[in-house]
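These notes concern the structure reproduced below.
The values are calculated or read from the model by the stated rules, or taken from the named source; none is laboratory data. Everything quoted here is computed from the prediction, not taken from an experiment. Cβ atoms come from the backbone with ideal geometry, glycine included; neighbour counts cover every protein chain shown.
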Amino acid sequence: MIISKKRIFILLCATCMLLTACHNNHRSNTNTHKKEVKVALSAEVNPPYLYTNKKNEFIGLDMEYMKLLEHKLPQYDFKYEVGEEESNLVGIGAGKFDMDINWFFKTPEREKQFLYQDVPYSYALPMLVVNQNNKDIHSLDDLPGKKLTPMAPSGGLYSILSEYNKHHNDKIDIDTIQEPSNGDNLKMVSQQRRDAMLLNWNTYQAIQSQVKEDVKIGGIVKKEPLHIVYNKKHDKLHDDIDRATLELKKEGKLQALSEKYFDINVFEDLNDINSKKSQLEVQR
Amino acid sequence: MQSVNWLDLLSQVLQQLPITLLMIVTSLIFALILGFILAIVRIRKIKILTPIVRLYLSFIRSTPLLLQLFLVYFALPQLLLLVHIDINHFSRLFFVILAFTLHTGAYLSEIIRAGYQSVDYRQIEAGLSIGLSYPRILKEIVIPQALRNSIPNLTTQIIELVKDTSLAFTIGIIDMMGQVKLIIGNNYGLGMLEVYIVISIVYWAIALIIQGTLALIDKRSQKPYRI
């Protein structure tokens, strides 16, 4: 017993040292001149905005934008940490993180709690997927009385629909589940078990090019600006990043990023994008 | 649909096995220590401490582990900030291990206590009557039997801990379950089923190994008592 107690004690000490060593390293690395900014990255990856490579490093449009920002704002030292989206938001409120990037849409509830970036760095294109033979669903106004595929009860897509329901008398019927499968949802639309599915164009494109179901784009619903979310105290950081983003936009770098990842410029007008709907369609 | 590369999936998931094991082993060691301390408090009925331990056990058993993890990760640093201790920059592993230790320690203390009580008090009395000291009675009579009796419950609780570690990803530690979610996310939610099958098999295998080892220990320890 005594020997094993000793062993346990040694192991305990070793682990404690290991843990403190980790955090010491972390401290000594920080440059004294730079202000450290903790950036939360969402663990619910969302290619091509944010996803991981084989080495579990985060890549994608969001990360490239962050690299551009790092270049523009040398006074900050950006440190990235991963967490699930909901807990990241809690962490920002609790001061654990300074900002969070994962193509956040603006929702009124979140706006009360957090500081939003004023100059969006890109746009998402939420759209309606309909059956190949469908002709009457093009926008949100066509949805009341129709059956939608199940979606997650939080996040941007959900808030588009709940916002619509708040301001219209004809309500859209929303069906929620915790972790919807996009592949299954497309199949439901193609088999006409559901009338439409709301999802982002980039997701649609990636899935449809693999599964090739009998579906098509009903219409792009809107251009949803993407924002960084900050803790309320970070006015200065917010203003600095806004300024840098505006410069990047003027230099055409954000537009170039959009072209690189989507082959289209999401900064264009929605009507222009919608008129090129057939270009956006996945070739079968 | 593309054909599924099972081996590739498996190797991707197993990449994160070390971190899962690290969480399991360290939490288990700390939890055993905590469990012993809590069990001693309740067995010896130490004043003031006993009601506190009972309250603690009741809280741990009645709230979801996910909530406890959030409390440790988000609320504890805020609380400590009030007394000017800043632990926000600690490694996330620290918070996860702390949460799992607090959780599993509570359960283990009850298992240890049950083990102690499974030994008839008359055996202790018998020991005392022939002049053995209480520590000696514990060492020679009670603990060997108590440990043997608690092996089945211990097995269950360790396997429970293994499965609990899958919650670590909620605060961003990329363990095996985290890797699974990343694979699914990177693939736009396609091929969920295959990945879930792979991860179930991995967890199952770990559980079987633990179960097998402890069953072996159990068998060995029962040997002298078999008729």
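Quick rundown of the values:
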read-out	value
Condition check for residue B:152: at pLDDT below 95 and more than 14 Å from chain A (Cβ to nearest Cβ)	yes
Residue match in region B:116-124 (condition: among the aliphatic types (A, V, I, L, M) and modelled with pLDDT under 95)	yes
Matching option when the condition is at positive phi and at pLDDT 90 or above, among B:131, B:189, B:172, B:212	B:131
Residue among B:197, B:183, B:171, B:151 that alone is within 25 Å of residue B:94 (Cβ to Cβ) and not charged (D, E, K, R)	B:171
Residue match in region A:68-81 (condition: within 14 Å of another protein chain (Cβ to nearest Cβ) and buried (at least 18 other Cβ atoms within 10 Å of the Cβ))	no
Test for residue A:204: is it within 30 Å of residue A:39 (Cβ to Cβ), among the hydroxyl-bearing types (Ser, Thr, Tyr), within 21 Å of the chain's Cα centre (by Cα) and within 14 Å of chain B (Cβ to nearest Cβ)	yes
Residue list for region A:210-219, restricted to those being touching a helix residue (DSSP H, G or I) at 6+ places or on another chain (Cβ under 7 Å) and modelled with pLDDT of 90 or more	A:214, A:215, A:217
Number of the exception - residue A:194 against (1) at pLDDT 90 or above; (2) within 14 Å of another protein chain (Cβ to nearest Cβ); (3) within 20 Å of residue A:158 (Cα to Cα)	(2)
Only one of B:194, B:160, B:140 that is in contact (Cβ under 8 Å) with a residue 60 or more places away in the chain, among the charged types (D, E, K, R) and either surrounded by fewer than 19 Cβ atoms within 10 Å (Cβ to Cβ) or within 20 Å of residue A:44 (Cα to Cα) (or both)	B:194
Scope region B:160-188; condition within 12 Å of another protein chain (Cβ to nearest Cβ) and farther than 20 Å from residue A:83 by Cβ; matching residues	B:187, B:188
Residues of region A:154-182 classified as small (Gly, Ala, Ser), within 21 Å of residue A:223 (Cβ to Cβ) and part of a loop (DSSP other than H, G, I, E, B), total	1
Which numbered condition residue A:174 fails, given (1) within 14 Å of another protein chain (Cβ to nearest Cβ); (2) of a type outside the set (Lys, Arg); (3) without any contact (Cβ under 8 Å) to a residue 40 or more places away in the chain	(1)
When residues of region A:91-149 are limited to those that are among the acidic types (Asp, Glu) and in a helix (DSSP H, G or I), the one surrounded by the fewest Cβ atoms within 10 Å (Cβ to Cβ)	A:109
Segments classed as helices (runs of 4 or more DSSP H), wholly inside region B:109-227, with at least 3 members that are under 27 Å from the mean Cα position of the chain (by Cα) and not charged (D, E, K, R)	B:143-164, B:176-186, B:192-222
Region A:207-245 - residue that is among the aliphatic types (A, V, I, L, M) and over 30 Å from residue A:78 (Cα atoms) and, of those, surrounded by the fewest Cβ atoms within 10 Å (Cβ to Cβ)	A:211
Test: residue B:54 is out of contact with any Pro (no Cβ under 7 Å at 6 or more places or on another chain), in contact (Cβ under 8 Å) with a residue 40 or more places away in the chain, surrounded by fewer than 14 Cβ atoms within 10 Å (Cβ to Cβ) and assigned to a helix (DSSP H, G or I)	no
Subset of region B:76-104 [part of a helix (DSSP H, G or I), facing chain A (nearest Cβ under 8 Å) and free of Cβ contacts under 8 Å to residues at least 24 places away in the same chain]	B:77, B:78, B:94
